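The structure appears right after this line, and notes come after that.
The values are calculated or read from the model by the stated rules, or taken from the named source; none is laboratory data. Note that the coordinates shown come from a computational prediction; the quantities given were computed from them, not determined experimentally. Here Cβ is always computed from backbone atoms with ideal geometry, including for glycine, and neighbour counts include all displayed protein chains. Side chains are part of the model used for accessible areas, which takes the heavy atoms of the whole protein and leaves out ligands, DNA and RNA. Shrake-Rupley method; radii C 1.70, N 1.55, O 1.52, S 1.80 Å.
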Amino acid sequence: MISSQILQNTIDELHGITRVDFAVMDTEGNEVATTMQPDFILPQAVVQFADSPADSQVVQDAHFFKIYDEKALEFILVSKGTAEDAY
């Protein structure tokens with residue numbers, strides 16, 4: 001399993017490049033690493049997405065992506081931002 005410190009460093013670097021906020025959540029909706037305000041993501045939305053057959057989904061202005069390790073769902077990546085935020 002990937003450590004939370006590695007995940008935090010990775011999304012911090014992505015945030016610095018893209019100016020898009022990211023959060024990595026476990027499949028139960030608990031925060032593992034984030035660059036955004038913690039109240040933005042509702043844990044029940046993460047759990048519902050984890051249980052869905054979709055690999056990615058857009059809900060309002062948040063993008064959800066499933067992260068697999070050895071074919072097992074491990075994390076949910078949530079990004080928040082628009083094309084205007086990136087440069």
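Please compute the per residue accessible area over the chain with all protein chains in place, 1.4 Å probe, rounded to a whole number of Å².
I get 64 Å² per residue for this part.
Quick one: dipole size for the chain, taken about the Cα centre, charges +1 on Lys/Arg Cβ and -1 on Asp/Glu Cβ, in debye to the nearest 20.
120 debye
At a 1.4 Å probe, what is the % contribution of carbon and sulfur to the accessible area of the chain?
53 percent
With a cut-off of 19 Å, note down the residues of region 1-37 whose backbone N falls inside the zone around a label point 7 Å from the Cα of D55 toward its beta carbon.
25, 27
If the viscosity is 0.890 mPa s and the temperature 25 °C, what Stokes-Einstein diffusion coefficient in µm²/s follows for region 1-45 when Rh is the Kirkwood radius over Cα pairs?
For these conditions, the coefficient is 226 µm²/s.
Rounded to two decimals, what is Rg over Rh for region 1-75 when you use alpha-carbon atoms and the Kirkwood radius?
Looking at region 1-75, the ratio lands at 0.93.
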